[in-house]
Amino acid sequence: MTQQRSFLLLLTATGILVAAAIFVLAAGDRAASPVPPGERVLPGLAAKLGELAWVRLSHGTTKIDFAAIGGRWAVVEKGNYPAAPGKLRQLLLGLADLTLVEPKTERPELFARLDLDDPANGKSAEIRLNDRTGQTIAEWIIGRRRADRLGTGNDAVYIRKPGTDRAWLARGSLDVSGEVVDWLDRRILDIPTTRIASVKFTADGATLVLSRSEPGDRFAVAGAPPDTKFKGPAVLAEPAGALAALDLADVKPAAEQPVPDSGVAAASFTTFDGLTVDLRLFARDNADWLAIAASGKDSADAEANAINSRVAAWRYAITPDRAKLLRTRLADLVEPAKGS
């Protein structure tokens with residue numbers, strides 16, 4: 001009886017140990033390394049955002065450095081051109097709000113599944129924040145995002161501290177995607193068609209002028225023969241919209257992209273309130289580049305000065321569709337002859 005009882009006690013103890021082992025394996029790191037709920041990944045960062053001086057974002061061969069200059073962020077790789085303020089601010093606020101949820105794998109061979117492998121080779125991105133003294137105050141590798149499909153606002157992302165083999169799941173939303181140009185303040189100008197009174201195009205010795213007397217009028221081609229059959233009003237008005245929501249495709253300092261002596265098309269837009277924007281368009285390195293200058297009369301003078309302060313030091317690459325509008329010719333507006 002004593003032997004039978006001892007055997008039953010041993011069997012029971014063994015069962016308890018097996019059950020405990022199964023629980024640990026099933027729970028994984030959650031049982032081994034509990035995390036206080038709501039703990040910030042970067043505690044205190046929200047209060048220090050104003051002290052940041054440098055942000056580096058890198059993934060693959062792409063490296064983007066942001067420097068705080070004169071109260072705003074600039075992209076170093078583009079000659080300190082202004083960064084997209086909303087995009088970078090959203091990233092920094094997202095980092096400050098990032099909250100640890102649970103630890104994940106410590107096995108480096110599994111990092112690729114979470115997009116947490118080496119940022120130089122894989123899909124992850126590394127972000128580093130430095131203060132004004134040059135001290136690094138935060139450095140993390142950002143991996144795959146896990147979207148909240150229920151719409152409860154619980155998006156999450158996998159993260160890892162550089163030099164460590166611990167992956168984490170953190171609650172929050174971070175967008176670290178995109179190339180250098182995606183982090184630039186891409187809007188160059190935004191002058192809607194409704195403001196345009198006239199536009200003049202000059203290329204290869206030929207000049208085309210489209211004008212109207214009132215904002216509600218249709219555009220007409222100046223000096224056109226009376227019997228010229230033009231395309232519809234929408235086609236004639238389209239070139240006047242070339243400066244509406246005009247975004248850059250790339251940018252360089254003016255000194256690095258001088259306007260050539262030949263092969264330059266010109267366009268001049270004049271608004272009803274006296275603003276004139278002159279553009280010189282040229283092709284180089286498989287792209288169309290712009291040099292921009294503005295002038296203004298009376299109330300438009302302040303606007304012209306504001307435009308010049310933003311654009312004078314830069315040359316802008318633009319998309320092919322906008323470049324085509326800025327090279328509008330008379331033939332583009334005339335109905336083709338029947339049978340042609």
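What follows is calculated from the coordinates using simple rules that are stated; it is not laboratory data. These figures come from a predicted structure and were not determined experimentally. Using ideal geometry, Cβ is built from the backbone for each residue, glycine included, and neighbour counts are taken over all protein chains shown.
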TODO: Divide the volume of the convex hull of the Cα atoms of the chain by its number of residues and quote the answer in cubic angstrom per residue.
DONE: 243 Å³
Task: Choice from Asn130, Asn286, Asn308 showing the highest fluctuation, given a GNM over the chain with Cα pairs closer than 10 Å - done: Asn286
Task: Net charge dipole size for the chain [Lys, Arg +1 and Asp, Glu -1 on Cβ; Debye, nearest 20] - done: 680 debye
Task: Value in Å of the Kirkwood radius, where segment 84-240 supplies the Cα pairs that are averaged - done: 20.5 Å
Task: Per residue, the convex hull volume that the Cα atoms of segment 178-333 enclose (Å³) - done: 126 Å³
Task: Qualifying aspartates and glutamates (Cα of each under 18 Å from Cα of Lys252; at least 8 residues distant if same chain) - done: Asp65, Glu77, Glu179, Asp182, Asp185, Asp285, Asp288
Open item on the list: If I model a spin label at Leu93 and Asp148 as a point 7 Å from the Cα along the Cα→Cβ vector, what separation in nanometres do I get?
Closed with: 1.5 nm
- [ ] Enter the angle in degrees (range 0 to 90, nearest 10) between the Cα long axis of helix 301-311 and the first principal axis of the Cα atoms of the chain, meaning the one along which they spread out most.
- [x] 50 degrees
Open item on the list: Helix 85-97 against the longest principal axis of the chain: what's the angle in degrees, Cα atoms only, rounded to the nearest 10?
Closed with: 10 degrees
TODO: Could you pull out the pairs from Lys231/Lys297; Lys200/Lys297; Lys229/Lys324; Lys48/Lys87; Lys63/Lys123; Lys200/Lys229 whose alpha carbons sit more than 25 Å apart here?
DONE: Lys231/Lys297
- [ ] Percent of Cα-Cα pairs per 5 Å bin, from 0 to the last occupied bin, for segment 176-250, please list those.
- [x] 3, 13, 19, 19, 15, 11, 8, 6, 4, 2, 1, 0
